[in-house]
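As structure tokens, the structure follows; a few thoughts come after it.
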There are 2 protein chains.
Amino acid sequence: MAKRENISSSVIRRLPRYYRFLSEIEKQGVTHISSRELSKRMSLTASQVRQDFNCFGEFGQQGIGYSVKKLRYEIENILGIQCRYPAILIGAGNIGTAIAKQVIFDSRCFDLVGIFDKDKQKIGSNILDITITDTERIEEFCSNTLVNTAILCVPKSAAEELSDRLYKLGIRSFWNFSHYDLSMRFPDVIVENVHLGDSLMTLCFMINQQQSKNKAQS
Amino acid sequence: MAKRENISSSVIRRLPRYYRFLSEIEKQGVTHISSRELSKRMSLTASQVRQDFNCFGEFGQQGIGYSVKKLRYEIENILGIQCRYPAILIGAGNIGTAIAKQVIFDSRCFDLVGIFDKDKQKIGSNILDITITDTERIEEFCSNTLVNTAILCVPKSAAEELSDRLYKLGIRSFWNFSHYDLSMRFPDVIVENVHLGDSLMTLCFMINQQQSKNKAQS
């Protein structure tokens, strides 16, 4: 039985990667994989892999390894990506357009049901088969259509005002590309932040660290 | 003296957030902040904040708290964002265009020196003041211009071929938006992955977990 209660956030962060990798090798016809092989292919240690899988029950068999299909299926269940949640996206700029297409094409777990922007030049045009609607009409839209999740692709200043309105509409989960710290204002909402500036600073840190190491060695 | 050698990756991930927050309150004229206040404002525990800052030396004074300016400055130094690295971006689609603008406008640590795409319709047009060049000409470009970092905004299939070429050109750091696992092929490169699909699966997991909790309580 899966022990799903206390999975740490670092394990959770690795689950999508395991899932993608297992889906890929399943398609290639691989039926079993050892923790050693899996760790090698995913740049982790074998003991880390075993510990991770131990968090949600044991599937490995001595000498045979993990069943790829069972493991992929179990991770799919833990992630819950067989569910489908209706989502709206606000901010149809470059990043918003890219994200809308990603959700429409790739996402197993979200149905994009509406796209909003305040730019009169964008309103009425389409991203794939979804028409961009005036942000002013979010309340009207949400009174007619069930919406679970909002994807915020707007600047920080707009996110502040929008999140108030979306919260009032009962929306409690956000995929947040703005720099606005939603969880500070609404501690009860679910927020997955994608902060590209932070990601870039992290890259910068790693480059500096590498350069210091190289200097120390030379 | 800062103990910068063994900072864990989870601390590193928090540094950009500390940095942003401290920069913000510094602008507002705040000179000192306690670990308790800082933790409250950042949704962390006070002991976590103290532990994090302890990783790179101690700056807090009993009863006064941390000097915002000194702490911000120290984190800036640890992240190394006062450095500037020349970067090229490959793939000027929606996401690439958004990222290019982000790097040009926001980034303190990277100078975007070139943008490449294989689409003949895009080649020759501009993103801000940078002209999109044919991907075929990357080698020529890099023989004339110092490039430290590549930003990959291309599909997985293209990333595989491109990363080979970029590696041969001596590029060892990547901001990777493709789904291609660079560090598997080149264990010696620095890679900061932004995997939007994984981020979406994580959001899905959090929503499911919340719904299970709500069901259990009702």
Of A:SER178, B:SER23, A:SER157, which has the most accessible area and how do the rest follow, probe 1.4 Å? A:SER157, B:SER23, A:SER178
Based on the mean of other Cβ atoms within 10 Å per residue, sort peptides B:189-196, A:96-103 so the most packed one is first. A:96-103, B:189-196
Can you give the average number of partner chain beta-carbon atoms within 10 Å of each beta-carbon in peptide A:184-196, as a whole number? 4
When the helix-only estimate is applied to chain B (DSSP H runs of n ≥ 4, each -39,500 (n - 2.57), divided by the residue count), what is the mean residue ellipticity at 222 nm, nearest 500 deg cm²/dmol? -15000 deg cm²/dmol
Which Cβ of chain A lies nearest the axis of the rotation superposing A onto B, and at what whole-Å distance? A:ASN94, 3
Just the accessible area for B:MET206, please: 1.4 Å probe, Å², rounded to the nearest 10? 50
Region B:1-98, relative contact order [Cα under 8 Å, separation at least 6], %: 34
Quick calc, B:ASN77 & B:SER143: beta-carbon distance into FRET formula, R0 30 Å, rounding 0.05, result 0.35
Go through the cysteines of the protein assembly as shown and tell me which have no other cysteine Cβ under 4.7 Å away. A:CYS55, A:CYS83, A:CYS142, A:CYS153, B:CYS55, B:CYS83, B:CYS142, B:CYS153
Set A:LYS156/B:LYS213; A:LYS156/B:LYS27; A:LYS118/B:LYS120; B:LYS40/B:LYS69, cut-off 21 Å on Cα-Cα distance; pairs above it are A:LYS156/B:LYS213; A:LYS118/B:LYS120
Sort B:SER43, A:SER199 by accessible area with a 1.4 Å probe, largest first. B:SER43, A:SER199
If you put a point 7 Å past Cα along the Cβ direction, how far is that point for B:ASP164 from the same point in each other copy, in nm, smallest first? 5.6
Only Cα pairs under 8 Å and at least 6 apart count here; give the relative contact order of region B:105-197 as a rounded whole percent. 19
Compute the length gained on full extension between A:ILE64 and A:HIS179: take 0.36 nm times their separation in residues and subtract their Cα-Cα distance, giving the result in nm to one decimal. 36.7 nm
Amide H of B:ILE115 versus every other amide H placed in the peptide plane: which residues, excluding those fewer than 5 positions away on the same chain, fall under 5 Å? B:LEU89, B:THR133
With axes computed from alpha carbons, what is the tilt in degrees of helix A:196-217 against the longest principal axis of chain A, rounded to the nearest 10 within 0 to 90? 40
Shielding by partners, peptide A:205-215 (average Cβ within 10 angstrom, other chains): 6
Under a 1.4 Å probe, counting only protein heavy atoms, B:ASP129 has an accessible area in Å², nearest 10, of 120
Copies compared at B:LYS69 - label distances in nm, ascending, label defined 7 Å from Cα in the Cβ direction: 6.7
Put the label 7 Å from Cα along Cα→Cβ for A:GLN82; what are its distances to the other copies, in nanometres, shortest first? 5.5
Considering only DSSP beta bridges where both residues belong to region A:89-181, give the percentage that are antiparallel (nearest 5). 15
What FRET efficiency comes out for A:VAL30 versus A:ASP106 if R0 is 22 angstrom and r is the Cβ-Cβ distance? Round to the nearest 0.05. 0.45
Going highest first, how would you order B:141-150, A:118-127, A:78-87 by mean Cβ packing within 10 Å? A:78-87, B:141-150, A:118-127
How big is the antiparallel share of DSSP beta bridges in the protein assembly as shown, given as a percent to the nearest 5? 20
For B:ARG84, what charge total do you get from the other residues with a beta carbon under 13 Å from its beta carbon, if Lys and Arg give +1 and Asp and Glu give -1? 0
How well do other chains shield peptide B:101-107, expressed as the mean number of their Cβ atoms within 10 Å of each residue Cβ? 3
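The values are calculated or read from the model by the stated rules, or taken from the named source; none is laboratory data. In this text the structure is predicted, and so the values were computed from the model without any measurement. So basically every Cβ, Gly included, is an ideal-geometry build from the backbone, and we count neighbours across all protein chains shown. Please note that ligands, DNA and RNA were not included when accessible areas were found on the heavy atoms of the full protein model with its side chains. Shrake-Rupley method; radii C 1.70, N 1.55, O 1.52, S 1.80 Å.
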